[in-house]
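As structure tokens, the structure follows; a few thoughts come after it.
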Amino acid sequence: MLYHLLLQTLKTQQSAGASPGQPHLLLYDLYDNNEKEAEKIVNDLSQAATGGSLYVIVDEAGLDFHTVCDKLRTQVPDLHLWAASCFHRYAPAGWQVEYLTRPLRSPPAVVREVKKDAWITEYRLVQPYSERGVPDHTDGPPVTRLYHQHHGHSDDGPDDCVTCGRDVASFLHSLRVGVTENVTTLATTVTSTNGGTTPPCLQWRDVLVLHWDDISDDSGVMKGLKEAGIPVRVMKDDDIEDVATARSDVVWVAREDRVCGLERKVVVCLKDQVLTRLYSTSRCSSQLLIVYYRQGKGYLTSSHGV
């Protein structure tokens, strides 16, 4: 997402007659102590810096990224590097660190859910939220909760439950997502000067359905969503750019850990887990829906509200 924002800025500067540089998007995987990938990062960036300065912006810097920082600094004297991570113990020794803890993305109703994540409350690897610092004009739409494993649901999790798919679809329809002739619950349709109407702020592209396990196109929840007329697609590797830029007006279904840097107005979290709230609920900038699932005897009713 940052890469595409930089491209837009460059186009604006070029139209004004400036001659800016060119950003390059590089994707790496440093999980599980991947030393070969770390060496590749250092080699690629060192070669890019030959004869000049190097400016690097890193998102989702993980546990092993400090090794890359230390090696890169020895090979590129004129290095300008900024790295971001939600985990606060990954910075190299001696590097300047700033903690950005003000909850500016999500309304208070959503922030209260994110605060329950075990990475914050138990493991202390993520800094707790500080005060927002600006007025909260609203608490935000109440968090909606649905429950899997009551009458009519499958024996498996909500990701393979047609009834859960239908329940989620019913909720999305209640928000009037994609309906242009009416006022939605989260945004108002604007009348343009020529007498027509612009699309509502709340569209299908404003919705993310997040889960921890992989979901296939023929899974139960996908069938339930499609039966109800929801334009829904499962995110694949080739869809990353489309999802990041919200180019297609569809509801994307994605793994929680693959959309860490994105946000949507409406987020649906399948199979709530304390250890994944940080990845899923924190993506929500307005309306949050959580589908609860516990092994064994299920819930008998579904309820709405906080």
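The values are calculated or read from the model by the stated rules, or taken from the named source; none is laboratory data. Bear in mind that the values here come from a model prediction, so they are computed numbers and not experimental data. Quick reminder, even Gly has a Cβ in these numbers, built from the backbone with ideal geometry, and neighbours come from all protein chains shown. The accessibility values were calculated without ligands, DNA or RNA, using every heavy atom of the protein model including side chains. Shrake-Rupley method; radii C 1.70, N 1.55, O 1.52, S 1.80 Å.
Sort out which residues of segment 148-165 are touching a residue at least 12 places away in the same chain (Cβ under 8 Å) and either surrounded by fewer than 17 Cβ atoms within 10 Å (Cβ to Cβ) or under 23 Å from the mean Cα position of the chain (by Cα) (or both), and write them in order of number.
Result: HIS150, HIS151, SER154, ASP156, GLY157, PRO158, ASP159, ASP160, CYS164, GLY165.
Is it the case that SER53 is of a type outside the set (Lys, Arg), in contact with a strand residue (DSSP E or B) (Cβ under 7 Å, 6 or more places away or on another chain) and open to solvent by 50 Å² or more (accessible area, probe 1.4 Å)?
yes
Determine whether segment 94-110 contains at least one residue that is among the aliphatic types (A, V, I, L, M) and farther than 20 Å from THR281 by Cα.
Checked against the condition, which is being among the aliphatic types (A, V, I, L, M) and farther than 20 Å from THR281 by Cα, segment 94-110 yields at least one hit.
Here is a list of conditions, (1) under 27 Å from the mean Cα position of the chain (by Cα); (2) modelled with pLDDT of 90 or more, and TYR31 meets all of them except one; can you say which number that is?
(2)
For segment 59-80, give me the residue count where each residue is open to solvent by less than 40 Å² (accessible area, probe 1.4 Å), in contact with a Leu (Cβ under 7 Å, 6 or more places away or on another chain) and either in a helix (DSSP H, G or I) or closer than 22 Å to CYS260 by Cβ (or both).
Number of matching residues: 5.
Is segment 282-305 home to any residue that is farther than 20 Å from MET222 by Cβ, open to solvent by 70 Å² or more (accessible area, probe 1.4 Å) and modelled with pLDDT of 90 or more?
no
Looking at HIS4, HIS24, which one is open to solvent by 100 Å² or more (accessible area, probe 1.4 Å), touching a helix residue (DSSP H, G or I) at 6+ places or on another chain (Cβ under 8 Å) and within 23 Å of ASP237 (Cβ to Cβ)?
HIS24
Take the residues in segment 91-129 that are assigned to a loop (DSSP other than H, G, I, E, B) and open to solvent by less than 50 Å² (accessible area, probe 1.4 Å); name whichever of them is farthest from TYR279 (Cα to Cα).
PRO92
If I ask for residues that are open to solvent by less than 10 Å² (accessible area, probe 1.4 Å) and free of Cβ contacts under 8 Å to residues at least 60 places away in the same chain, which ones from segment 251-270 would you list?
Those that are open to solvent by less than 10 Å² (accessible area, probe 1.4 Å) and free of Cβ contacts under 8 Å to residues at least 60 places away in the same chain: TRP252, VAL253, ALA254, GLU256, VAL259, CYS269.
For (1) closer than 23 Å to LEU7 by Cβ; (2) open to solvent by 20 Å² or more (accessible area, probe 1.4 Å); (3) modelled with pLDDT of 95 or more, each residue gets a yes or a no:
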| position | (1), (2), (3) |
| --- | --- |
| PRO200 | no, no, no |
| ASP214 | no, yes, no |
| GLY224 | no, no, yes |
| ILE230 | no, no, yes |
| ILE240 | yes, yes, no |
| ASP249 | yes, yes, yes |
| ASP272 | no, no, no |
| LEU275 | no, yes, no |
| TYR279 | no, yes, no |
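Would you pick out the residues in segment 1-58 that are farther than 23 Å from PHE87 by Cα, assigned to a loop (DSSP other than H, G, I, E, B) and not hydrophobic (A, V, I, L, M, F, W, C)?
Once the filter is applied, which keeps residues that are farther than 23 Å from PHE87 by Cα, assigned to a loop (DSSP other than H, G, I, E, B) and not hydrophobic (A, V, I, L, M, F, W, C), segment 1-58 yields GLY17, SER19, PRO20, GLY21, GLN22, PRO23, HIS24, THR50, GLY51, GLY52, SER53.
Cβ-Cβ under 7 Å, sequence separation 6+ or interchain: first residue in segment 218-247 and of a type in the set (Ser, Thr, Tyr), partner in a helix (DSSP H, G or I). Which pairs?
So the pair list comes out as SER219/ASP159; SER219/ASP160; THR245/HIS4.
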